[in-house]
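Visitor: Pasting in a structure now, in structure tokens, and then I'll have a few things to ask.
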């Protein structure tokens, strides 16, 4: 893991604009961001994920997926297609 990837900044904020503001203020000093449940429950979750990936950021989706194996597999597949680097189950 590259040195810049060792820090994962938690975007534990209530909305898209607050998250984008933090990312903009941190600039190139942070490469990796965690999106947790609070933002997952917002209507802009995937918009933020797409925005981060478009800005060459890596994303850790901290959703703590827990369901039957087929459902978790399908959810992981969808998140991978969206550009998530890794996630919690």
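Only the coordinates and a few stated rules stand behind these numbers; no lab work does. Note that this is a predicted model, so its numbers are computed, not measured. With ideal geometry, Cβ positions are generated from the backbone for all residues, glycine too; neighbour counts draw on all protein chains shown.
Visitor: Measure nothing fancy, just the Cα-based angle from helix 45-54's long axis to the longest principal axis of the chain, in degrees from 0 to 90, nearest 10.
Guide: 50
Visitor: Going by C-beta contacts inside 10 Å, put 59, 89 in order with the fewest on the left. Spell out each step's value before the answer.
Guide: Details: 59 24, 89 11.
Lowest count first: 89, 59.
Visitor: Of the labelled options [x] -0.76, -1.01, -1.09; [y] -0.68, -1.09, -1.27; [z] -0.83, -1.12, -1.23, which one gives log10 I(q)/I(0) by the Debye sum over Cα atoms at q = 0.17, 0.22, 0.24 Å⁻¹ as computed for this structure?
Guide: Here the calculated entry is [y].
Visitor: Still on this structure, please answer the following. Ranked from highest to lowest mean number of other Cβ atoms within 10 Å per residue, what is the order of the peptides 30-37, 3-10, 46-53, 78-85? Walk me through the intermediate numbers first.
Guide: Values: 30-37: 18.9, 3-10: 12.1, 46-53: 17.1, 78-85: 14.8.
Result, highest mean Cβ count within 10 Å first: 30-37, 46-53, 78-85, 3-10.
Visitor: Shifting gears a bit: Summing -39500 (n - 2.57) over the DSSP H runs of n ≥ 4 in the chain and dividing by its residue number, what mean residue ellipticity at 222 nm do you reach, to the nearest 500 deg cm²/dmol? Intermediate results must be reported in sequence, preceding the final value.
Guide: Working: 4 runs with 39 residues, N = 89.
Rounded to the nearest 500, it is -12500 deg cm²/dmol.
Visitor: Taking Cα atoms, how many degrees apart are the long axis of helix 69-82 and the longest axis of the chain, rounded to 10 and kept between 0 and 90?
Guide: 30
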